[in-house]
Amino acid sequence: MTTPVRFSSFLVLLLVLFCAGLRGDVTGLVLDPQGRPVAGATVHLLGGVPREARTDSAGRFRFASVPDGAYTLLAASPGFSGRPEKIAVSGGAAAAELRLALAARSEVVMVTAERAEMPASSAASSVTVLTRADLEEMHAESVGEALRHVPGLSIVESGRRGGVTSLFARGGNSNYNLVMVDGVKVNDFGGAFNFASLPVESIERIEVVRGPQSALYGLNAIGSVVHIITRRPTGPLETRGAIEGGSFGTARGSLGAGGRQRRFGWSFDLMRHASDGVVPNDDYRNEAGSLRFEYEMTPAARLRYSLLADANEVGTPGPFRLAPVDLVTRGKENSYIHGLEFEAQRGRLLQRLTGSYYADRLGYESPFGPWRTRQARAGLGTETQVTLSETDAVAFGFEYQRERFRNTYITDERASDFPLLRHSFGWFTENRYQSGGRLFLNTGLRLEAIRTSMLPSDGWSRPRLEARQNLALSPKFSFAFLPRAGGPLKLHASAGAGLRAPDGFELAFTDNPRLHPERTTSVDAGLQREFAGRRAVLDATWFLNRYHDLIVTLSGNLAAISKFQSDNLANSRAQGLELSGAVRPAEWLSLSGHYTRLASEVLSLDRAPGRALAPLQVGQMLLRRPEHSAAFLAAWRVRPLRMTFHTGAVMRSAVLDVDPLMGLAGGVLRNAGYVRADLGAEFALTREVALYGRLFNFSDSRYEEALGFPALRRNFVAGVKFRWR
């Protein structure tokens, strides 16, 4: 009981301490390649408490009362990008002129790769950032749809709109991806996450870091981190919205607004999405709302609160290509995500305090009766960043997380469900070093203490399991090197470890008191090359992942290799090559795409050489991991007609899948590959209002991402959107 008390006292002390210092104004001008002012460009001020501003009609920006120190300015506008510019504030004002250039990829700011806001080009890890402009260009209806355009990721949707949507990163399992919304961890207990209903209307950008990141984020950051950043208020009042309709009774609408007045900023978005589906009991409804408040206590101290609430209901007709339509099974879900963050800067010290709460309630009606899941996660954290010099910074901190999981089928001797509790304590440190804009090094280390509560006996197969604790040490190292500062070539590499704690069913349906987390070790290396003055860019990355201590349930002739029903005995491996690129030969034309070649295989069980859990075989490729996957996007603008045309496609080679009716008991089956192509167009009625339409799967391809669950055939949506500033 002493830890929360001491931690709370520490928070109060820091809140009082970090609200003072010398200050000056930072002003400047953003110009395009012809030297003309750029209105509406976003300018980032990095180095202390991160701040953003938009340029006015004359291309001017201003950050008031900036504390003394060294900073980085970064400006960007759709289709254009600027180089990071160093400035110093020392007892007075500072000014800068930022020039933008036509670029295949706009320089963006990200926070996930190194727990600090930084230009994405400086990140040493394998990162991809999807901006608001990217989301609108691909007309993504959900986060899962947007992630199809990230190299190394494979999305599997079981059915149509609202169907369970899983992510496989670089050959890892679908429960190996840490998902955060504004820094709040939102995975299920044990790591799984359904991307189907996460709305895009309130999103400013999606940051994806591939490879294990448990050194920075602890549990579940074993294969990738997907961080969703909601819209931040950066300028005068803005209102926005859209309404659309389409095939299969699809209707979608959104309304939002936001702005900043002096020290106070706010933003909200409301969304509703509904569809009738293609067979009975295939309907889908999703309603969501987001809210964000920011208050600058001083220019060096900021308080932020964010909320995302979602309610969805979906019919589940089952694998109706192979079985009769299920007219009974339906699911309802309500989730709430709360995030609170305080940041304060004093000299070379930046302090961040965080609090979070995530609650999810899921219920199903099925032919076998109703069942429900209730889970919640609360977290507290503190992080201190110290700038040792202009080239070196260190960060260290502590995170506490309390998880609670309850399911109808996890019961005690009286057949009553009960809560599973888990407490995680993480101590971490990170060092960030850069030299001359050419060398970027990042090292990190985290110690995780995972405490699982006592589990009562279920009266037949599970004995009483006493409370237990697991300790895990996760390192990380990454570097990037530019032969010439600001030059076109960047070499990058990283290595790290990750871990995933058991989920509720793995804990409840075992007699093993020593079940411990699954782990991975990973390395990658690659290069990025810009061409034609940043109008083209190519990135190639090789990766190797080794997954071990995987949890398996043992039966039959494999039962003898462990005295327990389940154990950490399975292993697998995945390696491959990611290629991605983008080209913008002119302002009116942009092309981007990626291709991933993946070689995955099942390895022998520990203590059973040459054997794997049936029906899998040693050397067999992993389930639902395609050997080849790719996607591309293209956009061209016809200014005289005030029109923009879009096209894109996603593809996947054949995969191994499970029998949709019997699971692994039905054996391993082949699921054919597919190509799905889309078309779209947008017509600007005025600067504020536009009409748009999108034709999905225009070639009417027949395919199934999950075996037995047909994907949507040719369909369309059309609507109108607006934005007033």
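Derivation of every value follows stated rules applied to the coordinates shown; laboratory data play no part. Computed from a prediction, not measured in an experiment: that's the story for all the values here. Cβ: placed from backbone, ideal geometry, glycine included. Neighbour counts: every protein chain shown.
Things worth noting here:
- Residue-by-residue Karplus 3J(HN,Hα) for the range 78-83, coefficients 6.51, -1.76, 1.60, Hz, glycine and proline x: x, x, 10, 8, x, 7
- Computed over the chain, the P(r) tail beyond 41 angstrom holds 28 percent of alpha carbon pairs.
- Length released on extending from GLU365 to ALA665, taking residue separation times 0.36 nm less the Cα-Cα span: 105.6 nm
- Remark: the Cα gyration tensor places the range 161-250 in the oblate category, a/c being 1.5 or greater and a/b not exceeding b/c.
- Dipole of the range 37-144, positive end: most advanced residue of ALA41, THR112, ALA88 [Cβ charges, Cα centre]: ALA88
- Among beta bridges that DSSP assigns inside the chain, antiparallel share in %, nearest 5: 95 percent
- One chain, two ends: LEU471 and VAL394. Fully extended at 0.36 nm per residue, the span grows by 25.3 nm beyond their Cα-Cα distance.
- Inter-part distance where the range 559-625 and the range 457-526 are each reduced to a Cα centre, Å: 16 Å
- Summed side-chain charge close to PHE320 - residues other than PHE320 whose Cβ falls under 10 Å, Lys, Arg +1, Asp, Glu -1: -1
- With Cα atoms, 0 to 90° folded angle of helix 2-17 axis to the chain main axis: 10 degrees
- Spin-label pair ALA378-GLN620: with each label point 7 Å from Cα along the Cα-Cβ axis, the two points sit 4.5 nm from one another.
- Residue among VAL325, ASN512, LEU73 farthest towards the positive dipole end of the chain, charges placed on Cβ: LEU73
- Rounded to whole numbers, the Karplus 3J(HN,Hα) couplings from phi for the range 316-332 are 10, x, x, x, 6, 6, 10, 8, x, 5, 7, 8, 10, 5, 9, x, 10 Hz, using 6.51 cos²θ - 1.76 cosθ + 1.60 with θ = phi - 60°, and x at Gly and Pro.
- Computed helical MRE - 222 nm, the chain, DSSP H runs ≥ 4 contributing -39500 (n - 2.57), nearest 500: -1500 deg cm²/dmol
- Highest-first packing order for the peptide set 614-626, 457-469, 273-285 is 273-285, 614-626, 457-469, based on the mean count of other beta carbon atoms within 10 Å.
- Near SER126, the amide H atoms lying under 5 Å from its own belong to ARG210; only residues 5 or more places off or on other chains count, and H is placed 1.01 Å from N.
- Vicinal HN-Hα couplings computed from phi for the range 219-225 (Karplus, 6.51 cos²θ - 1.76 cosθ + 1.60; Hz; Gly/Pro x): 4, 6, 7, 9, x, 6, 10
- Test item: Cα-centred dipole of the chain, Lys/Arg +1 and Asp/Glu -1 on Cβ, debye: 1140 debye
- Proximal charge balance of SER166 [Cβ under 11 Å; K/R count +1, D/E count -1]: -1
- For the pair the range 256-310 and the range 414-431, the centres of their Cα atoms are 28 angstrom apart.
- Placing pseudo-labels 7 Å out from each Cα toward the beta carbon at TYR305 and ALA101 gives an inter-label distance of 4.5 nm.
- Highest mean packing first, where packing is the average number of other Cβ atoms within 10 Å per residue, the peptides 157-165, 330-338 line up as 157-165, 330-338.
- Percent breakdown of C-alpha pair distances by 10 Å bin, ordered from the shortest bin, for the range 533-653: 12, 28, 21, 16, 12, 8, 3, 0
- Counting only Cβ charges, +1 for Lys and Arg and -1 for Asp and Glu, the dipole size of the range 35-84 around its Cα centre is about 160 debye.
- Computed over neighbours whose Cβ is under 9 Å from that of TRP266, the net charge equals +1, Lys and Arg +1, Asp and Glu -1.
- Listed by Cβ neighbour count within 10 Å, with the fewest neighbours leading, ILE229, ILE87 appear as ILE87, ILE229.
- Most tightly packed first, judged by the mean number of other beta-carbon atoms within 10 Å of their residues, the peptides 587-596, 146-155 read 146-155, 587-596.
- The ranking of PHE509, PHE709 from fewest to most other beta carbons within 10 Å of each one's beta carbon is PHE509, PHE709.
- When the charge dipole of the chain is built from unit charges on Cβ atoms (+1 for Lys and Arg, -1 for Asp and Glu) and taken about the Cα centre, the candidate among GLY593, PRO483, GLY218 whose Cα reaches farthest toward its positive end is PRO483.
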